[in-house]
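These notes concern the structure reproduced below.
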Amino acid sequence: MVAQAWLEVALTDLQSSRNNVRHHTEEIAVDHLLVRRGQAFNLTLYFRNRGFQPGLDNIIFVVETGPLPDLALGTRAVFSLARHHSPSPWIAWLETNGATSTEVSLCAPPTAAVGRYLLKIHIDSFQGSVTAYQLGEFILLFNPWCPEDAVYLDSEPQRQEYVVNDYGFIYQGSKNWIRPCPWNYGQFEEKIIDICLKLLDKSLHFQTDPATDCALRGSPVYVSRVVCAMINSNDDNGVLNGNWSENYTDGANPAEWTGSVAILKQWYATGCQPVRYGQCWVFAAVMCTVMRCLGIPTRVITNFDSGHDTDGNLIIDEYYDNTGRILGNKKKDTIWNFHVWNECWMARKDLPPGYGGWQVLDATPQEMSNGVYCCGPASVRAIKEGEVDLNYDTPFVFSMVNADCMSWLVQGGKEQKLHQDTSSVGNFISTKSIQSDERDDITENYKYEEGSLQERQVFLKALQKLKAGRFHSSRRGAELQPSRPTPLSRDSPRSLHTPSLRPSDVVQVSLKFKLLDPPNMGQDICFVLLALNMSSQFKDLKVNLSAQSLLHDGSPLSPFWQDTAFITLSPKEAKTYPCKISYSQYSQYLSTDKLIRISALGEEKSSPEKILVNKIITLSYPSITINVLGAAIMNQPLSIQVIFSNPLSEQVEDCVLTVEGSGLFKKQQKVLLGVLKPQHQASIILETVPFKSGQRQIQANMRSNKFKDIKGYRNVYVDFAL
């Protein structure tokens with residue numbers, strides 16, 4: 001009888017390229033194995049001296065993740081090619097067996113922790129001899145294509161949009177002027193997956209208890225809270241420092257960013273030091289990049305007229321003086337012109353049935369959640385139904401979309417209640433449409449129609465739950481615990497345009513603003529005040545008018561323009577009062593958001609009643625034009641023309657153009673333009689070589705000493721090389 005030789009492994013082929021295509025990770029890499037849980041992947045073992053003999057040899061696989069892998073915690077698994085020896089939820093089976101090679105399939109359970117894994121094998125041959133081999137590393141991700149995975153999304157177009165698409169739009173401006181801001185998410189760009197895993201390892205939870213943290217990474221609820229906390233830097237060395245001060249001399253103005261890749265790579269390259277600076281849309285965009293990279297379907301949401309209720313009573317208090325100027329307030333309640341957060345798709349087994357699906361996560365540091373600055377995941381359906389006692393942070397999110405607004409007149413040290421508006425908060429809640437550049441309005445997902453009986457019933461239910469104190473569990477945090485601060489957010493106050501702040505049954509005179517021309521940067525702002533007498537009596541009005549810029553937290557600056565109008569109205573008469581604010585009057589007072597609030601406070605000579613009206617004006621810039629010169633073919637040179645202009649009637653200096661685009665540019669391009677003459681148009685030609693095929697987008701931004709965010713974009717389809 002001839003003695004059998006030990007079975008020795010000579011080489012292992014992890015079939016990275018083939019597996020990555022099947023697991024929708026080929027955009028990340030083709031030379032490193034990246035697979036998704038709940039789905040099989042193949043590898044081939046090549047033996048040195050003989051073939052694998054199932055009756056004589058047993059191959060035992062070992063997978064480990066984290067610094068302290070543990071069988072009991074699920075961060076270590078041992079499973080055999082002979083299934084009856086493998087109680088582990090990981091499984092392996094034989095595909096083909098040749099003379100000197102064997103192909104096997106492995107499959108992680110759909111609940112496995114995501115992260116970087118080490119793969120080993122032990123070969124138990126005849127006579128009890130055991131040899132061990134380290135086969136290599138692989139990365140395991142969430143799997144929205146797997147029905148058993150908690151992040152499963154039953155729509156291929158939605159998976160393509162919310163997991164695979166690497167560019168999009170973030171909506172900014174005001175409810176009366178919604179502007180799409182192009183953004184490069186770049187979740188599959190070089191090193192981004194490594195940066196995302198580093199981000200998990202830098203969290204407070206990993207630093208405190210790495211074994212438990214790694215074991216909990218199978219839960220998208222847990223991972224989303226960890227990521228949410230790590231996007232801001234309030235509790236740790238998170239990715240971004242927030243700044244709402246208008247002083248960005250030691251960093252980047254948040255309005256200048258056009259993508260997440262440069263931010264994440266800077267954080268990584270500097271030893272995980274927070275990047276300066278971000279505001280709400282930057283926090284949300286970077287979180288979208290990280291979550292899509294990890295495999296959790298994610299989209300970016302903009303809420304116009306977004307409430308920030310600091311005391312949990314679902315009332316936003318606003319204060320005015322007798323000139324109609326909005327004042328700051330001690331409570332710091334504000335209504336931001338817009339606020340941006342994320343929705344992530346996941347099952348919620350920690351909640352009653354029916355509350356899975358889209359969940360709100362807000363990485364902008366505003367309020368603390370379980371001791372750290374993060375918010376969510378809060379079920380969108382729970383928000384709509386007023387179930388503010390469900391985890392996590394649902395009361396805070398509910399107030400952002402459905403708080404009431406109370407207006408007060410401050411005069412002589414006293415506060416006089418003017419009006420309670422039940423419909424001004426939460427308008428035109430927006431996200432990018434699926435596989436389209438259009439805007440999708442999803443307001444109905446968050447609340448019933450304003451003014452409807454259902455909407456008021458839900459509001460009262462939420463208020464009763466809050467008063468009863470039954471919402472404390474959403475701030476407690478069970479086993480999941482990361483982030484959220486208390487400041488401000490670039491999100492500027494809402495567009496309050498109520499004809500009168502008095503109850504409608506006593507209103508006899510109404511005031512309203514109307515713009516005569518589009519408000520373009522560099523041009524005078526022309527508008528009229530419309531006054532209407534709805535009574536059968538003569539009315540003599542004195543109207544104080546003012547204009548003031550708004551900061552990102554909703555706080556106003558001092559008025560830079562004021563006027564007083566005396567208007568006499570006959571019964572049922574309407575009159576207009578013309579107004580003009582010149583560029584020279586407003587140019588030096590603008591914030592980065594280019595927001596101006598015009599206000600009018602009127603009073604009748606024969607009545608103590610006040611009539612308040614205000615309107616927010618967003619000044620617009622001309623966009624950058626991008627032309628693609630010729631066909632875009634992968635791995636072949638491509639010329640791109642960028643046309644830009646100075647819209648102002650004065651010279652601008654320190655002009656810098658930045659251009660980027662995933663799959664088109666290896667890194668962000670910066671071009672120093674220097675000085676641009678008044679209203680001068682110019683263009684440059686950029687050369688690049690596309691390295692990925694398919695639908696791509698170019699994003700561009702131009703900044704100067706006078707403006708920071710003139711933007712433009714162009715979609716490009718890149719063909720395979722012939």
Review point. Can you name every residue in region 271-287 that is open to solvent by 30 Å² or more (accessible area, probe 1.4 Å) and either in a helix (DSSP H, G or I) or in the same structural domain as residue 556 (by the TED database) (or both)?
Key: none
Check your understanding: residue 131 passes all but one of (1) touching a Ser or Thr at 6+ places or on another chain (Cβ under 8 Å); (2) without any contact (Cβ under 8 Å) to a residue 24 or more places away in the chain; which number fails?
Key -> (2)
Check your understanding: Pairs, please: C-beta under 6 Å, at least 6 apart or cross-chain, first residue of a type in the set (Asp, Glu) and in region 561-590, second open to solvent by 50 Å² or more (accessible area, probe 1.4 Å) and in a loop (DSSP other than H, G, I, E, B)?
Key -> none
Revision key, fill the gap. Restricting attention to region 51-75, the residues that are in a loop (DSSP other than H, G, I, E, B) and modelled with pLDDT of 95 or more number exactly 10
Check your understanding: So which pairs qualify, if the first residue must be in region 331-355 and within 27 Å of residue 179 (Cα to Cα), the second must be at pLDDT 95 or above and open to solvent by 20 Å² or more (accessible area, probe 1.4 Å), the Cβ gap must be under 7 Å, and the two must be at least 6 apart or on different chains?
Key -> 343/358; 345/358
Review point. What number of residues within region 320-336 are open to solvent by 30 Å² or more (accessible area, probe 1.4 Å) and of a type in the set (Asp, Glu)?
Key: 0
Practice item. Could you tell me whether any residue of region 185-196 is closer than 20 Å to residue 374 by Cα and of a type in the set (Phe, Trp, Tyr)? Key: no
Check your understanding: Restricting attention to region 633-678, which residues are closer than 25 Å to residue 590 by Cβ, of a type outside the set (A, V, I, L, M) and touching a residue at least 40 places away in the same chain (Cβ under 8 Å)?
Key -> 644, 646, 647, 649, 650, 653, 654, 655, 658
Exercise for review: Could you check, for region 427-446, whether at least one of its residues is farther than 28 Å from residue 183 by Cβ and aromatic (Phe, Trp, Tyr)?
Suggested key: no
**Study point:** Selected residue (criterion: surrounded by the fewest Cβ atoms within 10 Å (Cβ to Cβ)) from residues of region 429-463 that are hydrophobic (A, V, I, L, M, F, W, C) and within 30 Å of residue 285 (Cβ to Cβ)
**Key:** 434
**Study point:** Residue list for region 188-227, restricted to those being open to solvent by less than 40 Å² (accessible area, probe 1.4 Å) and of a type in the set (Lys, Arg)
**Key:** 217, 225
Check your understanding: Restricting region 569-602 to residues that are part of a loop (DSSP other than H, G, I, E, B) and not hydroxyl-bearing (Ser, Thr, Tyr), which is farthest from residue 515 (Cα to Cα)?
Key -> 571
Review point. How about region 217-250: which of its residues are hydroxyl-bearing (Ser, Thr, Tyr) and without any contact (Cβ under 8 Å) to a residue 12 or more places away in the chain?
Key: 245, 249
Practice item. For residues that are open to solvent by less than 10 Å² (accessible area, probe 1.4 Å) and in contact with a Pro (Cβ under 9 Å, 6 or more places away or on another chain), scanning just region 349-374, find the one that is nearest to residue 291 (Cα to Cα). Key: 361
Review point. When residue 399 is evaluated against the numbered criteria (1) in contact (Cβ under 8 Å) with a residue 60 or more places away in the chain; (2) open to solvent by 20 Å² or more (accessible area, probe 1.4 Å), which criterion, by number, is the only one it fails?
Key: (2)
**Study point:** Members of region 230-270 found to be open to solvent by 50 Å² or more (accessible area, probe 1.4 Å) and not polar (S, T, N, Q), listed by number
**Key:** 246, 250, 265, 268, 269
Check your understanding: Since residue 185 meets every condition but one in (1) among the aromatic types (Phe, Trp, Tyr); (2) open to solvent by 20 Å² or more (accessible area, probe 1.4 Å); (3) in contact with a strand residue (DSSP E or B) (Cβ under 9 Å, 6 or more places away or on another chain), which condition does it not meet?
Key -> (2)
Practice item. Among the strands (runs of 3 or more DSSP E) lying completely within region 609-722, list those that include at least 2 residues that are open to solvent by less than 10 Å² (accessible area, probe 1.4 Å). Key: 610-618, 638-645, 652-660, 694-703, 710-718
Check your understanding: Does residue 531 count as within 14 Å of residue 580 (Cα to Cα), outside the structural domain of residue 323 (by the TED database) and among the small types (Gly, Ala, Ser)?
Key -> no
**Study point:** Residue selected from region 103-157 under the condition closer than 23 Å to residue 48 by Cα and of a type in the set (D, E, K, R), by the criterion most open to solvent (accessible area, probe 1.4 Å)
**Key:** 137
Review point. Of the conditions (1) in contact with a helix residue (DSSP H, G or I) (Cβ under 8 Å, 6 or more places away or on another chain); (2) surrounded by 15 or more Cβ atoms within 10 Å (Cβ to Cβ), residue 31 fails just one. Which one is it?
Key: (2)
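The rows are residues; the columns are (1) at pLDDT below 95; (2) within 30 Å of residue 698 (Cβ to Cβ); (3) assigned by the TED database to the domain that holds residue 278.
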position	(1), (2), (3)
561	no, no, no
566	no, no, no
573	no, no, no
578	no, no, no
585	no, no, no
604	yes, no, no
609	yes, no, no
632	no, yes, no
Review point. Got a sec? Which of 317, 309, 305 is of a type outside the set (Ser, Thr, Tyr) and surrounded by fewer than 23 Cβ atoms within 10 Å (Cβ to Cβ)?
Key: 317
Check your understanding: Does residue 130 qualify as being at pLDDT below 95 and over 20 Å from the mean Cα position of the chain (by Cα)?
Key -> yes
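The values are calculated or read from the model by the stated rules, or taken from the named source; none is laboratory data. Just so we're clear, the structure is a prediction, and the values are computed from it rather than from any experiment. All Cβ positions, even for glycine, are placed from backbone atoms using ideal geometry, and neighbour counts span all protein chains on display. All accessible areas refer to the heavy atoms of the entire protein, side chains included, with ligands and DNA or RNA removed. Shrake-Rupley method; radii C 1.70, N 1.55, O 1.52, S 1.80 Å.
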